[in-house]
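Chemist: This structure is in structure tokens; I'll ask about it shortly.
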Amino acid sequence: MRYKTPRIATEDRPINRASPTIEREVLTGLVQDQDASDIEERFARALDKYKIPYDFQVSKLAPYNKPGEYRLDFLVDADWGQIPVAIDGEYAHKSAEDKEKDQLKDFEFMQKTGNKYEPVERISFTELMSQEDADSFVMEHYL
């Protein structure tokens with residue numbers, strides 16, 4: 001088992017932020033009144049900008065915090081169907097082992113929901129480093 005040193009929040013790098021925020025950028029830390037990371041908030045703002053409906057932190061397959069729960073970061077309502085979206089941050093989902101677990105989890109979700117949704121789309125934090133990046137990503141993938 002590997003031991004990790006916990007990250008300590010600092011003034012320029014709060015605990016739920018992947019990187020220091022851009023000086024002009026003002027983030028609330030919330031999406032639909034729920035705690036959100038900077039990359040989740042940028043993605044939500046981009047969806048809002050283009051008037052694309054979505055739900056944030058959606059529990060599927062089992063009730064919230066119960067065994068078997070699959071929590072989606074976003075469930076985006078695109079013209080062609082509902083797209084489950086997982087935002088992969090800088091620290092989680094990084095290793096090959098983490099990515100393999102994510103793929104298995106996504107596959108099981110698709111199987112258990114009877115392919116009711118589009119495949120889970122995983123978005124790397126590198127695609128959402130600024131609001132302009134997030135806007136471009138949403139425009140290219142959902143419009």
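Residue-wise test of (1) outside any helix (DSSP H, G or I); (2) exposed (fewer than 13 other Cβ atoms within 10 Å of the Cβ); (3) not hydrophobic (A, V, I, L, M, F, W, C).
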site	(1), (2), (3)
Asp102	no, no, yes
Asp106	no, no, yes
Glu118	yes, no, yes
Arg122	yes, no, yes
Glu132	no, yes, yes
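Chemist: Still on this structure, I have one more. Mind telling me which of the residues Asp102, Asp73, Asp106 ends up being under 15 Å from the mean Cα position of the chain (by Cα) and at pLDDT 90 or above?
Modeler: Asp73
Chemist: If you check Val58 against the conditions, is it modelled with pLDDT under 95, of a type in the set (Val, Ile, Thr), assigned to a strand (DSSP E or B) and under 13 Å from the mean Cα position of the chain (by Cα)?
Modeler: Yes; evaluated as a whole, the condition is true for this residue.
Chemist: Tell me, please, whether a residue that is more than 28 Å from Ser130 (Cβ to Cβ) and part of a loop (DSSP other than H, G, I, E, B) can be found in the stretch 69-88.
Modeler: Within the stretch 69-88, one or more residues are more than 28 Å from Ser130 (Cβ to Cβ) and part of a loop (DSSP other than H, G, I, E, B).
The values are calculated or read from the model by the stated rules, or taken from the named source; none is laboratory data. Since the structure is predicted, the reported quantities are computational estimates derived from the model, not experimental observations. Reconstructed Cβ throughout: ideal geometry from the backbone, glycine too, with neighbour counts over all protein chains shown.
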